[in-house]
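Q: Structure provided below as structure tokens; questions to follow.
The values are calculated or read from the model by the stated rules, or taken from the named source; none is laboratory data. Predicted model, so just to flag it, every value in this text is computed and none were measured. Don't worry about glycine lacking a Cβ; one is built from the backbone with ideal geometry, like all the others, and counts go over all protein chains shown.
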Amino acid sequence: MVVATRDRPELLRRTIDSIQSQDYPGPVGIIIVFDRSEPDESLVIDDAHRGIKITTNVKTPGLAGARNSGMALTTTPWVAFCDDDDEWLPGKLTAQISGCIETGSKFSGTGTIIVYQDSEIERIAETNVTKQRLLESRLQSMPSSSFLGSTDLLWNELGGIDEKLPQSYAEDYDLILRAIDRTTFFVVPEPQLRVYWHGASFFFERWRVIDEALDYLVDKHPDFAQAPAGLARIRGQQAIAQAEIGDRGRSLRTVREIVGLNWKEPRSVLALMVCAGMPANWILKVLHKFGKGI
């Protein structure tokens with residue numbers, strides 16, 4: 001288990017408790033990677049069954065480098081991730097590992113419960129995950145805190161997380177786009193974790209980074225050319241970000257591209273609303289109340 005963390009000690013302890021409380025009968029080692037923050041030595045536990053090790057991010061600053069720093073120390077056949085503000089439900093590991101062994105899959109994700117302000121929204125994950133489906137939709141119901149994969153696949157074959165992505169944005173999407181080329185996915189559709197959306201999330205409202213990272217992602221994965229609806233979705237996110245940072249001319253050009261790809265894409269309308277003066281942050285907060293993002 002790799003947990004990347006940065007300056008959120010109280011949330012981190014909740015995450016650790018949820019991992020140590022798993023009903024999985026085998027050993028679970030936790031590697032906590034402190035990214036641009038001082039390591040907390042008090043978290044170390046020398047226990048063969050539920051031990052905790054700590055380290056620092058020795059690679060590129062940010063989530064990608066932190067996760068890679070943790071994976072580089074992994075000696076177990078399976079590795080999983082959990083953000084330092086999320087919480088696993090007790091049966092998560094048992095369901096995923098038993099399912100992967102039974103099906104021969106090397107990668108797994110689960111459904112989730114989105115917690116935002118005072119509401120909880122269940123999101124059931126799709127089970128028939130294909131490359132085409134991933135290109136069309138990020139499948140937000142299966143977040144990175146639900147990911148579990150074979151160490152050989154994620155680290156040795158795929159080389160870990162792409163540290164070139166601007167500020168690690170969309171690193172999880174890039175990872176599953178690469179993983180689906182190498183293995184089938186075993187998906188537990190029912191929620192197996194709680195994902196907390198709040199203002200302390202490190203990508204909350206970072207519009208310029210979103211625009212740059214999505215450009216990088218599309219350039220890296222030319223298969224998006226075969227999925228116009230998926231490309232329109234990404235361009236829609238960019239158009240909103242471009243409008244919010246004041247680049248309205250570029251946003252309008254992106255909207256025209258979106259219409260040519262998929263005129264039904266609703267983000268083009270949202271981008272026009274932001275161009276007209278509606279704050280993108282307000283739209284994002286409204287969508288969050290329904291368990292959705294831009």
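Q: Determine if region 280-291 includes at least one residue that is of a type in the set (D, E, K, R), within 24 Å of ILE114 (Cβ to Cβ) and within 20 Å of the chain's Cα centre (by Cα).
A: First, the residues of region 280-291 that are of a type in the set (D, E, K, R): 285, 289.
From what is left, the residues that are within 24 Å of ILE114 (Cβ to Cβ) are 285, 289.
Now restrict to residues that are within 20 Å of the chain's Cα centre (by Cα): 285, 289.
Within region 280-291, one or more residues are of a type in the set (D, E, K, R), within 24 Å of ILE114 (Cβ to Cβ) and within 20 Å of the chain's Cα centre (by Cα).
Q: Now for a separate question. Report, ordered by the first and then the second residue, all pairs with beta carbons closer than 6 Å, sequence separation of six or more or different chains, a first member in region 132-147 that is assigned by TED's automatic domain parsing to the domain that holds LEU63 and closer than 12 Å to PRO189 by Cα, and a second member that is of a type in the set (Gly, Ala, Ser) and surrounded by fewer than 22 Cβ atoms within 10 Å (Cβ to Cβ).
A: SER141/GLY111
Q: Further question on the same structure: Hey, does region 131-140 have a residue that's among the basic types (Lys, Arg) and more than 15 Å from the chain's Cα centre (by Cα)?
A: Yes, there is a match, as at least one residue in region 131-140 is among the basic types (Lys, Arg) and more than 15 Å from the chain's Cα centre (by Cα).
Q: Are any of the residues in region 5-24 on the phi > 0 side of the Ramachandran plot and outside any helix (DSSP H, G or I)?
A: Yes, region 5-24 contains a residue that is on the phi > 0 side of the Ramachandran plot and outside any helix (DSSP H, G or I).
Q: So which pairs qualify, if the first residue must be in region 71-83 and assigned by TED's automatic domain parsing to the domain that holds GLY104, the second must be acidic (Asp, Glu), the Cβ gap must be under 8 Å, and the two must be at least 6 apart or on different chains?
A: These pairs meet every condition: PRO77/ASP152.
Q: Is there a residue being over 21 Å from THR15 (Cα atoms), among the basic types (Lys, Arg) and in contact with a strand residue (DSSP E or B) (Cβ under 7 Å, 6 or more places away or on another chain) anywhere in region 66-88?
A: No, every residue in region 66-88 fails to be over 21 Å from THR15 (Cα atoms), among the basic types (Lys, Arg) and in contact with a strand residue (DSSP E or B) (Cβ under 7 Å, 6 or more places away or on another chain).
Q: Could I ask something else about it? Looking for whichever is among the charged types (D, E, K, R) and over 25 Å from GLN238 (Cβ atoms) here; the options are GLU171, GLU157. Which one fits?
A: Selected residue: GLU157, the only one of GLU171, GLU157 that is among the charged types (D, E, K, R) and over 25 Å from GLN238 (Cβ atoms).
Q: In the list ASP211, ASP247, which residue meets the criterion of being modelled with pLDDT of 95 or more, within 18 Å of the chain's Cα centre (by Cα) and farther than 30 Å from LEU89 by Cβ?
A: From the options ASP211, ASP247, the qualifying one is ASP211.
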